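**Student:** Structure provided below as structure tokens; questions to follow.
The values are calculated or read from the model by the stated rules, or taken from the named source; none is laboratory data. Here the structure is a predicted model, which means the values were calculated and not measured. No Cβ is skipped: glycine too gets one built from the backbone with ideal geometry, and neighbour counts run over all protein chains shown.
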Amino acid sequence: MSTIDWIVLCGFTGFIVFFGIWKTHKTKNTDEYLRAGKTSSWWVVALSIMATQASAITFLSTPGQAYVDGMRFVQFYIGLPIAMIILSITAVPVYSKLNVFTAYEYLEIRFDLKNRILGSVLFLTQRGLAAGFTIYAPALILSVILGWNIHTTIILMGLLVILYTTIGGSSAVNKTHILQMIIITAGMFTAFFMIIAFLSKEISFIDAAHIAGKMGKLNVIDFSFNLSDRYTFWSGLIGGTFLMLSYFGTDQSQVARYLAARNITQSRMGLLVNGLVKVPMQFVILFIGAMVFVFFQFVTPPLFFNPVETKNVKSGNFSEQYIALEQEYGMLHLEKKNIISEMVNNNSVSEISYQKKLLELEQKGNQVRDEAKLLIKKNNPSADLNDTNYIFITYIVNYLPLGLIGLLLAAILAASMSSTSAELNSLSSTTMVDIYKRLINKNGTDEHYLKFSKLATVGWGFYAIIFALFANELGSLIEAVNILGSLVYGTILGIFLTAFYTKKITGHSVFFAAIISELVVLYSYFFTDIPFLWYNVIGCILVFLISSLINPVITAKTKSKTIR
Amino acid sequence: MHDKKNRTDDSPPLFGSWKIIYSLVIIELIILITLFFILTKVFS
């Protein structure tokens, strides 16, 4: 990486940290520390919500996803605007009226202590592990591509986030989110315009879209109802709505963002602006991936995008076979490039005969890639054969001009830090408000609770760093962390929806219903092929149904005990 | 007093009613889905 890129990268990252500390180091009480003193405007809430959701892995993976699988991933977000409306009507007024610090406080007010503890423990378990993964995933990719030491990257990134999050709490998180979203957006649009500029030397923008479409990358909407297909319109609309309701309505890392708003209006507007912006934003990121795919029709892509695994296999026993596959892949690529040039020169981008030829060659290319992956696996049985996350960063590092590489890397680090800071802040809030203040020390002073909150932020920060440092040795656990969210979100959402929409169901009923529902979700995960988005629907509906069914029995038993 | 009013104030800053803003979010979503569908059909 050039000196200019280092200056840009360090300049942006350093300024974010400095700005976060400078603006918020005078935080005086727990209200300011955990809810930013309830002073945020709607646009700060909206940017903060978006920055929390946009982690580095989203920024790196999403274009790669479009490159490999097309743009159908955008359907995952179709339920988001609907969820934002439902939450604006239901959750926001309730949280605002009760003036809570965390979402789980509400569960005790509506039900009882055990439901509050269940909700907060499920959150702490899932989000605590996820915080480590949020640091680890981009550090791994940056270390592979740029040769940075992974441990140094994890520790540096972790310490910087801990520094400003601990000093300024929620205020620092919100203020830095504004800058981080500006950098992320600037990075995203720079990448978009650069790739269009590169492509314009070869073809027009419309031709590029036709090529992407003909090769199956602009498959944005699929209305077929197929339970085994992960991303369809229906799974996005139904499963996605439930997932987003749960994530934005019950996950403290998001709830804290709109609890910091100065009134209901600002919270609602923040959520609704997110509902307006998120789908187009994901579309643009995925479209960049589709254009990167077109770009690599004119420039030969590597056979496998992870350079470390490529180097390993080339220096191992399968070197000759791998090089032969590279040559075969190069020939196929050349053939494809010639057809595309002919197609564009003849103004025949819509002709089906060209599309057939291209798809055939693409399929052959994929077969060669599969053979290469087999060699990589034989050479190193623990190698990760999914190179999706490395596609976009390969484009950034190898084809962007000086200075812009630094900007894009700053955007990736900003995305990682924005998610991590929100996670640490929410973990700290829940630990302090729902566990420490509620169960361990009820009579402390505000100063004491402020100190404890800072200590909890540092504690969770180091926990995340340690998890990230050992994540390499815990390969299967990382996969489990990704799935863990889907396994618990439905049940948590079910508890909250029962709380919002019913008046008679008691704490005992919903607690037992939650346990049974969680067992059913776990059964679905271990013994069925149901895609993970549907777990959110299953868990939620079961909690609602079971608690409604058992409530009369449980209420009757409680009454008879009281009479006795 | 001002703070209390500030926290309970619940009128949207634009369009006068929340129902209109919710409708706008839904209309935007429907437009986007339609555009995505057209994009899929035209370019695939």
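**Student:** Limited to the range A:67-90, what total is found for residues that are at pLDDT 90 or above, closer than 25 Å to A:THR134 by Cβ and of a type in the set (A, V, I, L, M)?
**Tutor:** The qualifying residues number 7.
**Student:** Can you find a residue that is out of contact with any Asp or Glu (no Cβ under 7 Å at 6 or more places or on another chain), within 12 Å of chain B (Cβ to nearest Cβ) and outside any loop (DSSP other than H, G, I, E, B) anywhere in the range A:41-54?
**Tutor:** Let us first name the residues in the range A:41-54 that are out of contact with any Asp or Glu (no Cβ under 7 Å at 6 or more places or on another chain), namely A:41-54.
This time we only want the ones that are within 12 Å of chain B (Cβ to nearest Cβ), so: A:41-43.
Checking which are outside any loop (DSSP other than H, G, I, E, B) leaves us with A:42-43.
Yes, the range A:41-54 has at least one match.
**Student:** Assuming A:TRP148 fulfils every condition listed in (1) assigned to a helix (DSSP H, G or I); (2) within 27 Å of A:ILE162 (Cβ to Cβ); (3) not aliphatic (A, V, I, L, M) apart from one, which condition is it?
**Tutor:** In the conditions (1) assigned to a helix (DSSP H, G or I); (2) within 27 Å of A:ILE162 (Cβ to Cβ); (3) not aliphatic (A, V, I, L, M), A:TRP148 misses (1) alone.
**Student:** In the set A:ILE162, A:ILE206, A:ILE184, which member is in a helix (DSSP H, G or I) and either farther than 23 Å from A:ILE285 by Cβ or in contact with a Cys (Cβ under 6 Å, 6 or more places away or on another chain) (or both)?
**Tutor:** Numbers: A:ILE206 fails: either farther than 23 Å from A:ILE285 by Cβ or in contact with a Cys (Cβ under 6 Å, 6 or more places away or on another chain) (or both); A:ILE184 fails: either farther than 23 Å from A:ILE285 by Cβ or in contact with a Cys (Cβ under 6 Å, 6 or more places away or on another chain) (or both).
The conditions single out A:ILE162.
**Student:** A further question follows. Of the numbered conditions (1) more than 18 Å from the chain's Cα centre (by Cα); (2) farther than 27 Å from A:LEU404 by Cα; (3) hydrophobic (A, V, I, L, M, F, W, C), A:ALA131 satisfies every one except a single condition; which is it?
**Tutor:** (1)
**Student:** Then there's this: Taking the criterion of being farther than 30 Å from A:ASN380 by Cβ, buried (at least 19 other Cβ atoms within 10 Å of the Cβ), away from chain B (no Cβ under 14 Å) and out of contact with any strand residue (DSSP E or B) (no Cβ under 7 Å at 6 or more places or on another chain), would at least one residue in the range A:302-316 satisfy it? Steps first, please.
**Tutor:** Filtering the range A:302-316 for residues farther than 30 Å from A:ASN380 by Cβ gives none.
For the range A:302-316, residues farther than 30 Å from A:ASN380 by Cβ, buried (at least 19 other Cβ atoms within 10 Å of the Cβ), away from chain B (no Cβ under 14 Å) and out of contact with any strand residue (DSSP E or B) (no Cβ under 7 Å at 6 or more places or on another chain): absent.
**Student:** Additional query: What single numbered condition from (1) of a type in the set (A, V, I, L, M); (2) out of contact with any strand residue (DSSP E or B) (no Cβ under 6 Å at 6 or more places or on another chain); (3) under 30 Å from A:ILE495 (Cβ atoms) fails to hold for A:ALA261?
**Tutor:** (2)
**Student:** If I go through the range A:340-356 residue by residue, how many of them are assigned to a helix (DSSP H, G or I) and either buried (at least 17 other Cβ atoms within 10 Å of the Cβ) or modelled with pLDDT of 90 or more (or both)? Steps first, please.
**Tutor:** At the first step, the residues of the range A:340-356 found to be assigned to a helix (DSSP H, G or I) are A:340-345, A:352-356.
Retained after the next criterion (residues that are either buried (at least 17 other Cβ atoms within 10 Å of the Cβ) or modelled with pLDDT of 90 or more (or both)): A:340, A:343-344, A:354-355.
Of the residues in the range A:340-356, 5 are assigned to a helix (DSSP H, G or I) and either buried (at least 17 other Cβ atoms within 10 Å of the Cβ) or modelled with pLDDT of 90 or more (or both).
**Student:** Which of the following residues is away from chain B (no Cβ under 14 Å), among the basic types (Lys, Arg), in a helix (DSSP H, G or I) and in contact (Cβ under 8 Å) with a residue 12 or more places away in the chain: A:ARG72, A:ARG127, A:ARG35? I'd like the intermediate steps shown before the answer.
**Tutor:** Working: A:ARG72 fails: away from chain B (no Cβ under 14 Å); A:ARG35 fails: away from chain B (no Cβ under 14 Å).
Going through A:ARG72, A:ARG127, A:ARG35 in turn, just one is away from chain B (no Cβ under 14 Å), among the basic types (Lys, Arg), in a helix (DSSP H, G or I) and in contact (Cβ under 8 Å) with a residue 12 or more places away in the chain: A:ARG127.
**Student:** Condition test on A:LEU245, is it crowded, with 24+ Cβ neighbours inside 10 Å, part of a helix (DSSP H, G or I) and modelled with pLDDT of 85 or more?
**Tutor:** Values: crowded, with 24+ Cβ neighbours inside 10 Å: yes; part of a helix (DSSP H, G or I): yes; modelled with pLDDT of 85 or more: yes.
Yes: the conditions hold for A:LEU245.
**Student:** Go through the range A:220-269 residue by residue and tally those that are away from every other protein chain (no Cβ under 14 Å), aromatic (Phe, Trp, Tyr) and under 23 Å from B:PHE43 (Cα atoms).
**Tutor:** 1
**Student:** Let me ask something additional. Can you name the number of the only condition in (1) buried (at least 21 other Cβ atoms within 10 Å of the Cβ); (2) within 22 Å of the chain's Cα centre (by Cα); (3) within 14 Å of another protein chain (Cβ to nearest Cβ) that A:THR165 fails?
**Tutor:** In the conditions (1) buried (at least 21 other Cβ atoms within 10 Å of the Cβ); (2) within 22 Å of the chain's Cα centre (by Cα); (3) within 14 Å of another protein chain (Cβ to nearest Cβ), A:THR165 misses (3) alone.
Okay, residues lined up against (1) buried (at least 17 other Cβ atoms within 10 Å of the Cβ); (2) among the hydrophobic types (A, V, I, L, M, F, W, C); (3) in the same structural domain as A:GLU362 (by TED's automatic domain parsing):
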residue	(1), (2), (3)
A:VAL8	yes, yes, no
A:LYS26	no, no, no
A:TRP43	no, yes, no
A:ALA54	yes, yes, no
A:PHE59	yes, yes, no
A:PRO63	yes, no, no
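**Student:** Within the group A:ILE150, A:ILE154, A:ILE135, which residue is within 28 Å of A:ASP5 (Cβ to Cβ) and surrounded by fewer than 24 Cβ atoms within 10 Å (Cβ to Cβ)? Explain how you work it out, then say what you get.
**Tutor:** Working: A:ILE154 fails: surrounded by fewer than 24 Cβ atoms within 10 Å (Cβ to Cβ); A:ILE135 fails: surrounded by fewer than 24 Cβ atoms within 10 Å (Cβ to Cβ).
One residue alone meets the criteria, A:ILE150.
**Student:** Is there any pair with a first residue in the range A:81-99 that is more than 7 Å from chain B (Cβ to nearest Cβ) and a second that is surrounded by fewer than 20 Cβ atoms within 10 Å (Cβ to Cβ) and among the basic types (Lys, Arg) whose Cβ atoms are under 8 Å apart and which are 6 or more apart or on different chains, and what are they?
**Tutor:** Within 8 Å, the pairs are A:SER96/B:ARG7.
**Student:** Yes or no: the range A:205-218 includes at least one residue that is aromatic (Phe, Trp, Tyr), more than 10 Å from every other protein chain (Cβ to nearest Cβ), farther than 30 Å from A:GLY490 by Cα and surrounded by fewer than 19 Cβ atoms within 10 Å (Cβ to Cβ).
**Tutor:** Here is the first cut: in the range A:205-218, the residues aromatic (Phe, Trp, Tyr) are A:205.
Okay, now just the ones that are also more than 10 Å from every other protein chain (Cβ to nearest Cβ), so A:205.
So of that shortlist, the ones also farther than 30 Å from A:GLY490 by Cα come out as A:205.
Keeping just the survivors that are surrounded by fewer than 19 Cβ atoms within 10 Å (Cβ to Cβ) gives A:205.
Yes: the range A:205-218 contains one or more residues that are aromatic (Phe, Trp, Tyr), more than 10 Å from every other protein chain (Cβ to nearest Cβ), farther than 30 Å from A:GLY490 by Cα and surrounded by fewer than 19 Cβ atoms within 10 Å (Cβ to Cβ).
**Student:** Counting only residues that are more than 16 Å from A:VAL279 (Cα to Cα) and buried (at least 20 other Cβ atoms within 10 Å of the Cβ), which one in the range B:17-44 is farthest from the other protein chains (Cβ to nearest Cβ)?
**Tutor:** So the residue we want is B:ILE21.
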